[in-house]
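Notes follow once the structure below has been shown.
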Amino acid sequence: MDVLARIKALREELNQHNYNYYVLDNPTISDFEFDQKLKQLQDLEAQHPEYFDENSPTQRVGGAITKNFETIAHEYRMYSLDNSYSKEDVVDWVNRCQKILGDVPLEFTCELKYDGASISILYENGKLKRALTRGDGFQGDDVTNNVKTIKSVPIRLKGDYPDRFEIRGEIILPLAGFEKMNQDLIEIGETPYSNPRNTASGSLKLQDSAEVAKRPLDCLLYSLIGNNLPISTQFESLQKARDWGFKVPIQSKLVKSVEEVFEFIDYWDIHRHDMLFETDGVVVKVNQVQYQEELGYTAKSPRWAIAYKFKAEQAVTVLNSIAYQVGRTGAITPVANLEPVQLAGTIVKRASLHNADQIEKLDIRVGDTVFVEKGGEIIPKIIGVDTTQRKSDSQKTVYITHCPECHTELVRNEGEAQHYCPNFYGCPPQIIGRIQHFITRKAMDIEGLGGETVALLYNAGLIENYADLYELKKEQVIPLERMAEKSADNLIKGVEKSKQIPFERVLYALGIRYVGETVAKKLAKHYKNIDALANASLMDLILVDEIGDKIAQSVIQFFENPNNVVLIDRLKGYGLRFEIEEQESTMVSDVLGGKVFVVSGVFETYSRDDLKKVIEDNGGKVGSSISSKTDYVVAGANMGPSKLEKANKLGIPIISEYEFNDLINEN
Ligand code: AMP
Ligand code: ZN
């Protein structure tokens, strides 16, 4: 098979696997196999830039940067929907339609209203051409690069699609993905996002599409737009779109009466909570395209559709007090203590107040009657105050100026919403929080020690930082609450065992701001040991793949602090790992004894980089081009003809990857 044919076959195969996984939710190969195939394609494309295709599945990982999103006029306007909040509104709407159309048999398509950011995607000859945001409805922003990274959006269509059409839908962030993103943020001491919808629309406007690719976005489609499309009903268009490879939720239903519309509404008002994404209502559309055309549009929305909004889950209660929590990084979060109230099936006692600006904006005061709402967020929020219920002697809320725990004056950096307690080393919740982070599973994973025990140990004056854990004696621990001989033993053993934890996790455990799990891995791999990292300059750090300004600054600051230097010295003394494993950085054997290898072509069992690494790990050298100094050429499929000729001319042995393996194993 020639290269182009192989490239095309791989692209098609990968597109199909993406479809199976992201649209059908039914993968047929393992992630590992998928990654290998993707790698093969990447290698082939790298060797043959002449076959570049912007619609290749390799482009899904992103990388394109959009500095300014170009504003482009919509060919077909993107309308809003009329909202209704009651069933009477829906009945009125149906009557209006019948009045215009006369006594015709109306059908309706009922769909869920997906809560995200609207998008319109243009396809030409089965290829994704362009994606625009709604903007003001007349013109939107070109976010093509970012939309292409969303794996459920097909970049090539299948079946009997029209030559040219737009498809419209909603870019959403499923709840599980949203919570995962927030967990990751909380872990590195950042403020979590407030809700899935805003995070989804914010994601579309990120400049770096590689960032977008990492977010678990999804795209749900609901409407086809174009000239002379081969469809006569809305319901049919949903089925067609599904056939062409789009993700169209299956909950949509074709009904023939208003009663059935209500059944759909009632059913989903309850069952929407079982869905994996947020829905804020139901959209009812006249099914027949012919009638849609007759009904037409008002200045803002189609007359043939209406959105029924579910009532947001709200409750009224009283604000008893405001508490201020201090996080591991010193960030202050105001929390409302409420008179307990029933909301969306749970009893709510607390609500988030976010920050000082939010309190100011809503003018929330202790004693106020407040409205609490529950959306996709984990903890409910206060959305407003019933000022008519306010007592005349009520006092305006004054935000705290000093840390509630250590009484240090708070700071607020420009451009940041949160206040901080800057007393990093003296503020108890920060100290305890840091130690708690240190012992978590993904960090030092200290068995026999939990978050509450950390607090107990700190309050008993036994530890003041994570290094102190390694000095703990069994006799000191036993007298603690709920401790016994056995549990104290386990704790000490767990601490001892943690000395085996690899460097990358130790680095993560240190709790450097913005250095989460992934970043810690990157840094460990790049610098190999803590001293090299501690000595890195800002410039140096920024040059590391995926390390930005913010992270680099934070790393520098961490090592500039003498307290941290002392801590790390102590940890080194106890025998924690501060460099990556020997064999990871140096060779595993010396059998290749300095021989020079040139690697060419595509391999079946190695990626090129892996092969090069194996050569170096076994004491060989990797040359970039064939010369008289080359000892072996390791050739895969499609080795370039000029290289082949040169190797033959110089009489250099050409070996396969399997012969190469033999070379290592024989010795
Ligand atoms: P609104 O923004 O409240 O005017 O509601 C209109 C928006 O709802 C549209 O622009 C779409 O982005 C969105 N929407 C979500 N689900 C659907 C659906 N099934 N059909 C039509 N529009 C939908
Ligand atoms: Zn403090």
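The values are calculated or read from the model by the stated rules, or taken from the named source; none is laboratory data. Just so we're clear, the structure is a prediction, and the values are computed from it rather than from any experiment. Positions of Cβ are backbone-derived with ideal geometry, glycine not excepted, and every protein chain shown enters the neighbour counts.
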Q: Among the residues of segment 385-402, write down those that are closer than 18 Å to H354 by Cβ, surrounded by 11 or more Cβ atoms within 10 Å (Cβ to Cβ) and more than 16 Å from ligand 2 (Cβ to nearest atom).
A: V385, T397
Q | Residue tally, condition farther than 26 Å from P502 by Cα and surrounded by 20 or more Cβ atoms within 10 Å (Cβ to Cβ), over segment 430-460 | A | 0
Q. Of all residues in segment 277-298, which are crowded, with 18+ Cβ neighbours inside 10 Å, assigned to a strand (DSSP E or B) and more than 13 Å from ligand 1 (Cβ to nearest atom)?
A. Q288
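Scan segment 432-451 and give yes if some residue there is within 12 Å of ligand 2 (Cβ to nearest atom) and either in a strand (DSSP E or B) or more than 30 Å from A315 (Cα to Cα) (or both), otherwise no. So that I can check it myself, show each step before the final result.
Let us first name the residues in segment 432-451 that are within 12 Å of ligand 2 (Cβ to nearest atom), namely 432-433.
Now restrict to residues that are either in a strand (DSSP E or B) or more than 30 Å from A315 (Cα to Cα) (or both): 432-433.
Yes: one or more hits.
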Q: Kindly state which helices (runs of 4 or more DSSP H) lie completely within segment 579-667 and contain at least 3 residues that are within 29 Å of N529 (Cα to Cα).
A: 582-585, 608-617
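Condition first: of a type in the set (F, W, Y) and modelled with pLDDT under 95. Can you find one or more residues in segment 415-423 that meet it?
Within segment 415-423 (the criterion being of a type in the set (F, W, Y) and modelled with pLDDT under 95), the answer is yes, since at least one residue qualifies.
Condition first: among the aliphatic types (A, V, I, L, M), more than 16 Å from ligand 2 (Cβ to nearest atom) and touching an Asp or Glu at 6+ places or on another chain (Cβ under 8 Å). Can you find one or more residues in segment 364-374 that meet it?
Yes, because at least one residue in segment 364-374 is among the aliphatic types (A, V, I, L, M), more than 16 Å from ligand 2 (Cβ to nearest atom) and touching an Asp or Glu at 6+ places or on another chain (Cβ under 8 Å).
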Q: Give the residue that is nearest to Y85 (Cα to Cα), with candidates limited to residues of segment 299-315 that are touching a residue at least 24 places away in the same chain (Cβ under 8 Å) and exposed (fewer than 14 other Cβ atoms within 10 Å of the Cβ).
A: K311
Q | Extreme residue, nearest to N563 (Cα to Cα), among residues of segment 445-470 that are touching a residue at least 24 places away in the same chain (Cβ under 8 Å) and among the charged types (D, E, K, R) | A | E464
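Can you pull out every residue in segment 413-436 that is closer than 16 Å to G189 by Cβ, among the charged types (D, E, K, R) and free of Cβ contacts under 8 Å to residues at least 40 places away in the same chain?
Of segment 413-436, the ones closer than 16 Å to G189 by Cβ are 413, 416-425, 427, 429-436.
So of that shortlist, the ones also among the charged types (D, E, K, R) come out as 416, 434.
The one that is closer than 16 Å to G189 by Cβ, among the charged types (D, E, K, R) and free of Cβ contacts under 8 Å to residues at least 40 places away in the same chain: E416.
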Q: Filter segment 62-104 down to residues that are surrounded by 15 or more Cβ atoms within 10 Å (Cβ to Cβ), modelled with pLDDT under 95 and in contact with a helix residue (DSSP H, G or I) (Cβ under 6 Å, 6 or more places away or on another chain), then give me how many there are.
A: 4
(Q) Looking only at segment 207-230, how many residues end up being crowded, with 18+ Cβ neighbours inside 10 Å and outside any strand (DSSP E or B)? (A) 5
Q: Could you tell me whether segment 388-402 includes any residue that is of a type in the set (D, E) and either closer than 30 Å to G281 by Cα or in contact with a strand residue (DSSP E or B) (Cβ under 9 Å, 6 or more places away or on another chain) (or both)?
A: no
Q. Is it fair to say V599 is over 25 Å from P502 (Cβ atoms), among the β-branched types (V, I, T) and free of Cβ contacts under 8 Å to residues at least 40 places away in the same chain?
A. yes
Q. Looking only at residues in segment 218-237 that are hydrophobic (A, V, I, L, M, F, W, C) and out of contact with any Ser or Thr (no Cβ under 6 Å at 6 or more places or on another chain), which one is farthest from ligand 1 (Cβ to nearest atom)?
A. L229
Q.
Within segment 479-554, considering only helices (runs of 4 or more DSSP H) that don't extend past its boundaries, which have at least 1 residues that are within 30 Å of A455 (Cα to Cα)?
A. 485-497, 503-509, 517-527, 530-534
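Surrounded by 17 or more Cβ atoms within 10 Å (Cβ to Cβ), farther than 23 Å from G516 by Cα and within 16 Å of ligand 1 (Cβ to nearest atom), is that true of A200? So that I can check it myself, show each step before the final result.
Working: surrounded by 17 or more Cβ atoms within 10 Å (Cβ to Cβ): yes; farther than 23 Å from G516 by Cα: no; within 16 Å of ligand 1 (Cβ to nearest atom): yes.
For A200, the condition - surrounded by 17 or more Cβ atoms within 10 Å (Cβ to Cβ), farther than 23 Å from G516 by Cα and within 16 Å of ligand 1 (Cβ to nearest atom) - is not met.
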Q.
Just the residues that are free of Cβ contacts under 8 Å to residues at least 12 places away in the same chain, farther than 19 Å from G159 by Cβ and part of a helix (DSSP H, G or I), please, taken from segment 1-35.
A. A5, A9, D31, F32, E33, D35
Q | Residues satisfying the stated conditions in segment 403-421, i.e. surrounded by fewer than 14 Cβ atoms within 10 Å (Cβ to Cβ) and near ligand 2 (Cβ under 8 Å from one of its atoms) | A | H407
Q | Residue satisfying condition, being in a helix (DSSP H, G or I), surrounded by 14 or more Cβ atoms within 10 Å (Cβ to Cβ) and touching a residue at least 24 places away in the same chain (Cβ under 8 Å), within set I359, I364, I332, I382 | A | I359
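This table checks each residue for (1) in contact with a strand residue (DSSP E or B) (Cβ under 7 Å, 6 or more places away or on another chain); (2) within 20 Å of L132 (Cα to Cα).
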| residue | (1), (2) |
| --- | --- |
| D208 | yes, yes |
| C219 | yes, yes |
| E259 | no, no |
| F264 | yes, no |
| R272 | yes, no |
Q) Can you tell me which residues in segment 398-457 are within 29 Å of the chain's Cα centre (by Cα), of a type outside the set (A, V, I, L, M) and either more than 26 Å from Y193 (Cα to Cα) or within 16 Å of ligand 1 (Cβ to nearest atom) (or both)? A) D445, G450
(Q) Quick check on this structure: which one of N529, N563 is closer than 17 Å to A467 by Cβ and either charged (D, E, K, R) or touching a residue at least 24 places away in the same chain (Cβ under 8 Å) (or both)? (A) N563
Q: Would you mind stating whether K240 is surrounded by fewer than 22 Cβ atoms within 10 Å (Cβ to Cβ), away from ligand 1 (no atom under 13 Å from the Cβ) and either under 27 Å from the mean Cα position of the chain (by Cα) or of a type outside the set (V, I, T) (or both)?
A: yes
Q: Inspect all residues belonging to segment 243-255 and state whether any of them is assigned to a helix (DSSP H, G or I) and either touching an Asp or Glu at 6+ places or on another chain (Cβ under 9 Å) or at negative phi (or both).
A: yes
Q: Could you tell me whether any residue of segment 111-121 is surrounded by 21 or more Cβ atoms within 10 Å (Cβ to Cβ) and out of contact with any Asp or Glu (no Cβ under 8 Å at 6 or more places or on another chain)?
A: yes
